[in-house]
Amino acid sequence: MQLFLLALSNRFSGSCLSILSIPLLLFGVCAASLPASAQVGQESAASLSLRLHDVHRENPLEQARVELLRFPDGLVAQQFTDSSGTTTFTGFPRGSYIVRATHSGYNTNEAAVDFRRGDTLQSVDIGLSPLEKDQAGKPSSSITVRDLRIPENARKEFIRGTKLLNEKKQPRESIAAFEKATELFPQYFEAFLLMGTAHLQLGEAGPAEKSLRKALALDPRATLPYYPLAMSLFSQKRYDEEQKLLLEAQKQDAADWRWPFELARCEAQQGRWETALQYGVETSKNAKAPPRIHLLLADIYSNSNRPREAVAELELFAQLDPQSPYMTRVREVLPSLRQRAAVSSSPNPR
């Protein structure tokens, strides 16, 4: 019996949803499978300015990679800080987001921002702490524009492509700029990465995969290409390939909650409930995991005929994020789940 908890808008479902008739985990549709241009075009109202600096010396960090993430949609936009350590995201829908900053030689850091309460303009300050000296060569390091010593003409094409992609919302035009940049500098990791992102926004899975795999080939230690590539494989139902990719990403950055979360989705999509549950519980123990992990766990428990545990996860989610737009759907399904739980003697495996 399949319980679909989270498709709350006509954007995904097209109509009012039945608890019993919707395929599991359709809520996991992400930017890779639903073009980001379609997502952000509906109510583009919010703007976010960010300042990035060394947490100890307060000096600005230039050419750091900054991701704007929305759960469960995944990557919304990606930019690089300028010489003052700042960047700005514009023209995206109101909602809750995570801003993640990555720079070579520093630990990754992130911040949560919320535009749901009427604010349309916010700013955030993120400090990055330097890696320990004995960590400098570990996978958390990543290639930056300065490290690559990119020729000026290639750099200009990359900057032009970034503006076309993130500010002007023109992914097709940005691809031409990124292609020119990689022709001028074939080792341009960042250009291949954003080219893959642009192709994903256009729904072009094949070219996106080619670009993202090229980025991985240039720097296998960098984790940024793994997530969009995994989402693309998920949307194509290439689960075995996705699983291998996620496990490799987990080796590179074991602290990132996204890898076990996506492994849980991958396993659940194939009906492997126990393995999916193990990954889901692992994700829930990560302090940075968003509250919606409990919605995924509720889905898995319900499909494993464990309604009591499903109810507990939904109730926990309601406590953690009572203003979530998903609460409408949660309230709809809780009565049926509670009825099932009342006649069930399912033990709690956790």
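The values are calculated or read from the model by the stated rules, or taken from the named source; none is laboratory data. Quick caveat: nothing in here was measured; it's all calculated off a predicted structure. Methodologically, a virtual Cβ is constructed for each residue, glycine included, from the backbone with ideal geometry; neighbour enumeration extends over all protein chains shown. For the accessible areas, the whole protein counts, side chains as well, though only heavy atoms, and no ligand, DNA or RNA atoms are used. Shrake-Rupley method; radii C 1.70, N 1.55, O 1.52, S 1.80 Å.
Note: relative contact order over segment 150-299, using C-alpha pairs below 8 Å and six or more positions apart, is 12 percent.
In percent, rounded to a whole number, the relative contact order of segment 218-350 is 16, using alpha-carbon pairs under 8 Å and six or more apart.
If you take the square roots of the eigenvalues of the alpha-carbon gyration tensor of segment 48-128 and sort them as a ≥ b ≥ c, do you get rounded (a/c under 1.5), prolate (a/b over b/c) or oblate? Because a/c hits 1.5 or more and a/b exceeds b/c, segment 48-128 counts as prolate. The packing ranking of peptides 94-104, 324-334, highest mean first, is 94-104, 324-334, where packing means the average number of other beta carbon atoms within 10 angstrom of each residue. The charge dipole of segment 205-259, taken about its Cα centre with unit charges on the Cβ of Lys, Arg, Asp and Glu (plus for the first two, minus for the last two), comes to roughly 140 debye. Surface composition of segment 155-312: carbon and sulfur make up 49 percent of the accessible area, probe 1.4 Å.
Extension gain for the segment residue 339 to residue 167, taken as residue separation times 0.36 nm less the Cα-Cα distance, is 57.0 nm to one decimal. A Förster radius of 30 Å combined with the Cβ-Cβ distance from residue 213 to residue 47 puts the calculated FRET efficiency at roughly 0.35.
What's the local net charge at residue 167, with K and R +1, D and E -1, over the other residues with C-beta under 12 Å away? Residues close to residue 167 contribute a combined charge of +3.
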